[in-house]
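The values are calculated or read from the model by the stated rules, or taken from the named source; none is laboratory data. It should be emphasised that the depicted structure is a prediction, and the values quoted were computed from it without experimental measurement. FYI the Cβ positions are ideal-geometry reconstructions off the backbone, even for glycines, and counts take in every protein chain you see. These accessible areas exclude ligands, DNA and RNA; they are computed on the full protein's heavy atoms, side chains included. Shrake-Rupley method; radii C 1.70, N 1.55, O 1.52, S 1.80 Å.
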Amino acid sequence: IALSGTTLTVQQGQSGTATVTVGRLNGFASAVTLSLEGAPAGVTGAFNPASVPNGTTTSTLTVSASGSAAVGTHTLTVRGRGQDVTDQTATLTLTVVAPPTLGVTLNPTSLSLQQGQSGTAAVTIARGGSFTGAVDLSAEGAPTGVTVSFNPATIAAGSTTSTMTVAVGTSAATGQFTITVRARGQAVTDQTVALTLTV
């Protein structure tokens, strides 16, 4: 037997597939029963079909990882068993990865500025799981006369910080306002954090 690929990466809570190919030689013409061995807790394997009949050569292996499956690399064995022949095996290296996550924080979380002044806050992001990409920053809810900018506006992969500048115009209304900072990355849920601005 052979596998379409010897490695498979599956995220916690998801599944992946590989094709198992059965080769019959020297007159062997019986069904071949497939099984998966060595799967860690939280990882299951299912074959479709589980028994490859004569005249058929392939089966689809679906490997599913639960949300609690251990993150890391595991060696699994696919075993093919037929009548009156020696069992044959193929090795699959399974890598279980955590789902991608994104977090964002501000320091400080409040600014008190006079009309015509500006202030800054540090934006820090935290990447988790399999997420390693760039993060775009934006501000929502700034009142009329107040502008918000980020340097940089996109936090590149490998970086974690940006400087948020809040500029209050001379005619901006006085009072207390909430500005929402939004962090957006590919294939992760947007994350937000609030800045309290007092003019």
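Quick one: what are the phi-derived ³J(HN,Hα) couplings along segment 5-13, Karplus 6.51/-1.76/1.60 with θ = phi - 60°, whole Hz, x for glycine and proline?
x, 8, 10, 8, 10, 10, 7, 3, x
Compute the FRET efficiency between Ala2 and Thr132 as 1/(1 + (r/R0)^6), taking r as their Cβ-Cβ distance and R0 = 30 Å, and round to the nearest 0.05.
0.40
In Å², and per residue, what accessible area does the chain have when probed at 1.4 Å with the other protein chains present?
Value returned for the chain: 51 Å² of accessible area per residue.
For the chain, give the percent of accessible area contributed by carbon and sulfur heavy atoms, probe 1.4 Å, rounded to a whole number.
Working: 4700 of 10120 Å².
So the carbon and sulfur contribution to the accessible surface is 46 percent.
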